[in-house]
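All remarks here apply to the structure that follows.
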């Protein structure tokens, strides 16, 4: 989805052959993650299935990732040119010119104002009042004053013409390794989300005119029947949403979509996307309920699917490493897990290898940091299955691990039993400590997604060894919605939650940190953090573009600090497998960040054999010119 080029890019004529046909056929896609219905923005939650839906319906990003070059570029179907300049203070201005043939699904022209409005809305103080996560676009010049309400003008964006704008990155955020990735903005339809409003430029920056109120946004975004969050009616991506019944989303082709960076338009006329269970996903593939099962990770389902693909020519499979991981997040704002020693003791007790093998089989591998095996940094620096110098919380045997945990708990004061006497392993059920007003028990809860096999594995390979150390852990299955609400700190809940995350290409761990009014740092929604960990994340981000070796060294330093502080316990990363009918042609998920990008270049065999045409005609011509001045 993105790339950075540090040198001058000359105009390059793109002449490639791409399929041209009328979209036809239907594709039914199954995911093991339930669709939550948050289709507008990730700031209210970011379930993987919702991210996929947003990728289908929202398009025309200013930036895209060039996988062949391993870097970001401006999208050649959207941006006709860009000039980068730097002032004396070090602020970098990216002057962007758009093509004039971009349209929303309702035929409305997309102009520079649509991108400006999208940025303004993402930073608007009303968004946090509606429950949105803090914006991650604070790198824009003047963003902090705009978010706080101190200024009604955002100085970091300028409207220079109907199809021209500039984006200014504050010098305090530079250098940034993925600098061009900071311009990853998509347009938002102002006439739908903020009717009666407009964007103006007063010569110092942009602002909203009209009366945008909290009541208006609640109606346009959250209305159950027509709100843009779950029923976006006007979109800019390759597909438009026809229906969503709370479980299954149905899409049809956006006829006004110009095409992606390769000049490709959707060749599959209708897409259905819904939930599938690990237990019966392969049988639902063979009976025709689904044509594509995305991101299979369960070992039993994977083995069944691999057997099917090897024995039946009607089915195929593709595997690819995951750029993410499964982990246990701590609710460390209160309770025993506030203590670093308690978190470390839990890590020593957990058998990551058994959890990985039990759920993933040979598809998974234990990880000890905030990374996935599909990330390029991991491939660059890995030594076997571990990153050199990063604490793995494995001393080589269960007995040795237990001893490490017991020593930490004793040092933390957990030396008493329920009667106030000395805790004795094998005799007393749970450790306690004197909390001043009475005894505090080391009793914890962990929530995991209900219905998942991971629950039984957590009982066996975490709760049981914790009990030997004197920690009582109650493992409970809850809804995915509750898991996310607890992780993002929107609801109080369990001491720990088990979930998974996939990383964007722009790996900016520093953006995961929050600092409250008292100055206290947290990681994610409520995980504990400290200044040393945050400094390592910022230092990683501030690597100069192109300096890969320096970046990898800083990445290892960050992972060491992460393993020390343990805002979460990393568990495993894995290889994904997509299983699908061979009627789906030219499908290459391993070349993209998600199946939603891969299907734009794919088709089903109901389609006629494609003719070819120049991508120049489909995508407006040339690679944009990027110039560095000053």
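Structure data summary
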{"item": "Residue list for segment 195-230, filter: on the phi < 0 side of the Ramachandran plot and touching a strand residue (DSSP E or B) at 6+ places or on another chain (Cβ under 7 Å)", "result": "197, 198, 199, 200, 201, 206, 207, 208, 209, 230"}
{"item": "Pair list, Cβ < 8 Å and 6+ apart or interchain, from segment 434-456 residues that are in a helix (DSSP H, G or I) to residues that are modelled with pLDDT of 90 or more and surrounded by fewer than 19 Cβ atoms within 10 Å (Cβ to Cβ)", "result": "455/477"}
{"item": "Residue among 146, 185, 177, 117 that alone is more than 25 Å from the chain's Cα centre (by Cα) and crowded, with 18+ Cβ neighbours inside 10 Å", "result": "146"}
{"item": "Hits in segment 164-174 (condition: more than 14 Å from residue 201 (Cβ to Cβ) and either in the same structural domain as residue 550 (by TED's automatic domain parsing) or surrounded by 18 or more Cβ atoms within 10 Å (Cβ to Cβ) (or both))", "result": "169, 170, 173, 174"}
{"item": "Which listed residue, of 216, 137, 248, is under 28 Å from residue 488 (Cβ atoms) and in contact with a helix residue (DSSP H, G or I) (Cβ under 8 Å, 6 or more places away or on another chain)", "result": "137"}
{"item": "Residues that are in contact with a strand residue (DSSP E or B) (Cβ under 8 Å, 6 or more places away or on another chain) and not in a loop (DSSP other than H, G, I, E, B), drawn from segment 399-418", "result": "416"}
{"item": "Residue 152 being in a loop (DSSP other than H, G, I, E, B), in the same structural domain as residue 126 (by TED's automatic domain parsing) and out of contact with any helix residue (DSSP H, G or I) (no Cβ under 9 Å at 6 or more places or on another chain)", "result": "no"}
{"item": "Which listed residue, of 459, 468, 491, is out of contact with any strand residue (DSSP E or B) (no Cβ under 9 Å at 6 or more places or on another chain) and within 30 Å of residue 423 (Cα to Cα)", "result": "468"}
{"item": "Residue match in segment 238-252 (condition: part of a helix (DSSP H, G or I) and at pLDDT 95 or above)", "result": "no"}
{"item": "Where residue 290 falls short, out of the listed (1) outside the structural domain of residue 464 (by TED's automatic domain parsing); (2) crowded, with 22+ Cβ neighbours inside 10 Å; (3) assigned to a strand (DSSP E or B)", "result": "(3)"}
{"item": "Where residue 310 falls short, out of the listed (1) buried (at least 18 other Cβ atoms within 10 Å of the Cβ); (2) free of Cβ contacts under 8 Å to residues at least 24 places away in the same chain; (3) not in a loop (DSSP other than H, G, I, E, B)", "result": "(1)"}
{"item": "Scan of segment 329-388 for residues that are within 26 Å of residue 528 (Cα to Cα), in a strand (DSSP E or B) and in contact with a strand residue (DSSP E or B) (Cβ under 8 Å, 6 or more places away or on another chain), ordered by number", "result": "329, 330, 365, 366"}
{"item": "Failed item, numbered, when residue 342 is tested on (1) at pLDDT 95 or above; (2) surrounded by 17 or more Cβ atoms within 10 Å (Cβ to Cβ); (3) over 22 Å from residue 443 (Cα atoms)", "result": "(3)"}
{"item": "Residues of segment 386-412 that turn out to be touching a residue at least 40 places away in the same chain (Cβ under 8 Å) and more than 21 Å from residue 572 (Cα to Cα), as a count", "result": "6"}
{"item": "Qualifying positions in segment 271-297 - touching a helix residue (DSSP H, G or I) at 6+ places or on another chain (Cβ under 7 Å) and closer than 15 Å to residue 359 by Cα", "result": "278, 296, 297"}
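The values are calculated or read from the model by the stated rules, or taken from the named source; none is laboratory data. Keep in mind that this is a model prediction, so the values were computed, not measured. Glycine also receives a Cβ, built like all others from the backbone with ideal geometry; neighbour counts cover every protein chain displayed.
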